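All remarks here apply to the structure that follows.
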Amino acid sequence: QVQLVESGGGSVQAGGSLRLSCAASGSIFGFTTMGWYRQAPGKQRGLVAHITRGGSTNYADSVKGRFTISRDDAKNTVYLQMNSLEPEDTAVYYCNVIIGWNNYWGQGTQVTVSS
């Protein structure tokens, strides 16, 4: 069983930065993608960024050039560096790992950006 624990959320002013971390426990060998999704109040959860096992990355258009996803395989951890944060980035951010047919989610971490 895989468990994902996120950390690094918080409150910042517009233009600030935060770094989210997601540590996976259990075997994630052979994962397909590791990524981050977010859900704002009243909106559906949507992709922010993901990284494949081969290292390819994909970003939502709204975060391109501001957010960077990376991973540390030795630590089974995926990161999301968020720069130039905007109030529209306010949401609960969820870590996600896909391994074969299994889809794992973290508990979520709140990011609040004030103007």
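The values are calculated or read from the model by the stated rules, or taken from the named source; none is laboratory data. Owing to the predicted nature of the structure, the values given are computational and were not obtained by experimental measurement. Positions of Cβ are generated from backbone atoms using ideal geometry, with glycine treated the same way; all protein chains shown enter the neighbour counts. Note: accessible area is taken over every heavy atom of the protein model, side chains too, but ligands, DNA and RNA are not part of it. Shrake-Rupley method; radii C 1.70, N 1.55, O 1.52, S 1.80 Å.
Annotations for the structure displayed:
- Positive minus negative residues near ALA49 (Lys, Arg vs Asp, Glu; Cβ under 12 Å): +3
- When only Cα pairs below 8 angstrom with a gap of at least 6 residues are kept, region 1-108 shows a relative contact order of 35 percent.
- Take 100-108, 31-39, 47-55 and order them by the average number of nearby Cβ atoms within 10 Å per residue, most first; the result is 31-39, 47-55, 100-108.
- With both labels modelled 7 Å from their Cα along Cα-to-Cβ, the GLU86 to ALA74 distance reads 3.7 nm.
- Here, P(r) means the percent of Cα pairs in each 10 Å bin from 0 to the largest distance; for region 26-115 it is 16, 51, 27, 5, 0.
- Averaged per residue, the chain has 53 square angstrom of accessible surface, using a 1.4 angstrom probe with ligands and nucleic acids left out.
- Over all pairs of different C-alpha atoms in region 11-67, the reciprocal of the mean inverse distance, the Kirkwood hydrodynamic radius, equals 13.4 Å.
- Net length available on complete extension from ALA23 to GLN110 is 29.7 nm, with 0.36 nm assigned per residue and the Cα-Cα distance removed.
- Placing dummy labels 7 Å off each Cα toward the beta-carbon, the span from GLN1 to ALA40 is 3.5 nm.
- Under a 5 Å amide H cut-off, with hydrogens placed 1.01 Å from N, ILE99 pairs with THR32, TYR104 among residues at least 5 apart or on other chains.
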